[in-house]
Amino acid sequence: MYLPSDPDMLYSMVNMKLRDRYASLSDLCDDEDIDRDELEARLRSAGYEYDEANNRFH
């Protein structure tokens, strides 16, 4: 899966996939072959944290 370098675009794309297709961040990362730690680090550096209860970054 292509991951945008712009953190706001990445945030938007990941949240859309979480909302529309995946029950969890782990499901998304496993299915799309994404390193979860790297993804979370990239979004965390832009001020976004994963909210497991709501299955989205905010």
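Working only within the stretch 11-30, note down all residues that are loosely packed, with under 15 Cβ neighbours inside 10 Å and under 11 Å from the mean Cα position of the chain (by Cα). Walk me through how you get there before you give the answer.
The first filter runs over the stretch 11-30 and keeps only residues loosely packed, with under 15 Cβ neighbours inside 10 Å, leaving 12, 16, 19-21, 23-24, 26-27, 30.
Hits for the stretch 11-30 are Ser12, Met16, Arg19, Ser24, Ser26, Asp27.
Considering only the stretch 21-30, state which residues are part of a helix (DSSP H, G or I) and either under 14 Å from Met1 (Cβ atoms) or in contact (Cβ under 8 Å) with a residue 24 or more places away in the chain (or both).
Within the stretch 21-30, the first condition is being part of a helix (DSSP H, G or I), and the residues that meet it are 25-30.
Those that are part of a helix (DSSP H, G or I) and either under 14 Å from Met1 (Cβ atoms) or in contact (Cβ under 8 Å) with a residue 24 or more places away in the chain (or both): Leu25, Asp27, Leu28, Cys29, Asp30.
Take Leu3 and tell me if it is in contact with a helix residue (DSSP H, G or I) (Cβ under 7 Å, 6 or more places away or on another chain) and in a loop (DSSP other than H, G, I, E, B).
On the way: in contact with a helix residue (DSSP H, G or I) (Cβ under 7 Å, 6 or more places away or on another chain): yes; in a loop (DSSP other than H, G, I, E, B): yes.
Against the criterion (in contact with a helix residue (DSSP H, G or I) (Cβ under 7 Å, 6 or more places away or on another chain) and in a loop (DSSP other than H, G, I, E, B)), Leu3 qualifies.
Is it true that some residue in the stretch 31-45 is in a loop (DSSP other than H, G, I, E, B), loosely packed, with under 13 Cβ neighbours inside 10 Å, in contact with a His (Cβ under 7 Å, 6 or more places away or on another chain) and without any contact (Cβ under 8 Å) to a residue 60 or more places away in the chain? Give the derivation first.
In the first step, residues of the stretch 31-45 are kept if they are in a loop (DSSP other than H, G, I, E, B); the result is 33-35.
Filter once more, so that each one left must be loosely packed, with under 13 Cβ neighbours inside 10 Å: 33, 35.
Going one step further and asking which of them are in contact with a His (Cβ under 7 Å, 6 or more places away or on another chain), we end up with none.
The answer is no, given that none of the residues of the stretch 31-45 is in a loop (DSSP other than H, G, I, E, B), loosely packed, with under 13 Cβ neighbours inside 10 Å, in contact with a His (Cβ under 7 Å, 6 or more places away or on another chain) and without any contact (Cβ under 8 Å) to a residue 60 or more places away in the chain.
Readers should treat all values here as calculations from the given coordinates under stated rules, not as data from a laboratory. Note that the structure is predicted; figures quoted are calculated from it, not measured. Reconstructed Cβ throughout: ideal geometry from the backbone, glycine too, with neighbour counts over all protein chains shown.
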